[in-house]
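Q: Let me begin by handing over the structure; questions about it come next.
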Amino acid sequence: MQQLTAVELEHGGALLTGQAAFPNGDGPHPAVLVMHNALGIGDHVRGVARKLAELGYVAVASDMYGGGAPAGDPVVNGAAFEQVMKDPALLRERVVAWFDRVSAMPEVDAGRVAAIGFCFGGTCVLELARSGAAARAVVSYHGILTSQQSMQPGVFSGEVAAFCGAQDPYAPLAHIEGLRTEMEAAGARYTITTFGEAQHGFTDPAADGMGREGIAYNAMADRLSWAATVELLEAVLKS
């Protein structure tokens, strides 16, 4: 198993510690931020980072809470999640700070950076796009889709992809339609895919063990969304 390397960022009085996986060969390489769910950086996000490194990307699992955001303490991370979510300006500024931090890494080609995120991380990458950051693409999996500050026309030149579950109580169909309307109004290039049977957390095999209604793994939605992501990243970061 590939060793992950710490990547630190100071922001808003917090020391954030991400975990990076690097591809073989000399850089600079294209890069992908991998943004964690509300529970923090766990096995799923680390596994995604490793898979991306095998595909030739510098992949950084970015800590949005501080202290490395380990997924082992749901009470502590739940409080951190609430703190960040109640301050939309902080959330957006922190996502942009991570984008800038990764873009500045010597191993990274600053002009070829994308971001993907799961649940809370899906919300984060959509906020990155709304900020107007120079990301080539953002990919949200079962993220919260609403925002207090919608994307402004012409602000984002990259691709926006959102993979959603029709049975997700945290991002209902009305919010999916709202995202489409927002992207249309902003003139963004976007793809929204809705899986009819998928619930919240459909990419994470551990979701079934959470014991919460509306959260479940869906193997088909997981496979199809990942395959589409691989193709999108190939198109925007390697072409």
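Q: Which members of the stretch 164-197 meet the condition of being charged (D, E, K, R) and either modelled with pLDDT under 95 or assigned to a strand (DSSP E or B) (or both)?
A: Residue satisfying the conditions is ARG189 alone.
Q: Taking only the stretch 30-55 into account, find how many residues are open to solvent by less than 20 Å² (accessible area, probe 1.4 Å) and within 19 Å of PHE99 (Cα to Cα).
A: 14
Q: Looking only at residues that are over 14 Å from SER140 (Cα atoms) and either crowded, with 17+ Cβ neighbours inside 10 Å or aromatic (Phe, Trp, Tyr) (or both) in the stretch 184-196, which one is farthest from the chain's Cα centre (by Cα)?
A: Looking at residues that are over 14 Å from SER140 (Cα atoms) and either crowded, with 17+ Cβ neighbours inside 10 Å or aromatic (Phe, Trp, Tyr) (or both), I get ALA186.
Q: Here are some conditions: (1) assigned to a loop (DSSP other than H, G, I, E, B); (2) in contact with a helix residue (DSSP H, G or I) (Cβ under 9 Å, 6 or more places away or on another chain). GLN19 meets all but one. Which one does it not meet?
A: Among (1) assigned to a loop (DSSP other than H, G, I, E, B); (2) in contact with a helix residue (DSSP H, G or I) (Cβ under 9 Å, 6 or more places away or on another chain), the lone unmet condition for GLN19 is (1).
Q: Within the stretch 105-163, work out how many residues are touching a residue at least 40 places away in the same chain (Cβ under 8 Å), in a strand (DSSP E or B) and within 15 Å of the chain's Cα centre (by Cα).
A: 13
Q: Within the stretch 67-85, how many residues are out of contact with any His (no Cβ under 9 Å at 6 or more places or on another chain), open to solvent by less than 50 Å² (accessible area, probe 1.4 Å) and at positive phi?
A: Matching residues across the stretch 67-85 total 1.
Q: Quick one: which residue in ALA20, ALA6 is under 16 Å from ASP63 (Cβ atoms), of a type in the set (Gly, Ala, Ser) and open to solvent by less than 20 Å² (accessible area, probe 1.4 Å)?
A: Just one listed residue meets the conditions, ALA20.
The values are calculated or read from the model by the stated rules, or taken from the named source; none is laboratory data. All of these numbers come straight from a predicted model, not from anything done at the bench. As a convention, Cβ positions derive from the backbone with ideal geometry for all residues, glycine included, and neighbour counts pool all protein chains shown. Just the protein is used for accessible areas: all its heavy atoms, side chains included, with ligands, DNA and RNA removed. Shrake-Rupley method; radii C 1.70, N 1.55, O 1.52, S 1.80 Å.
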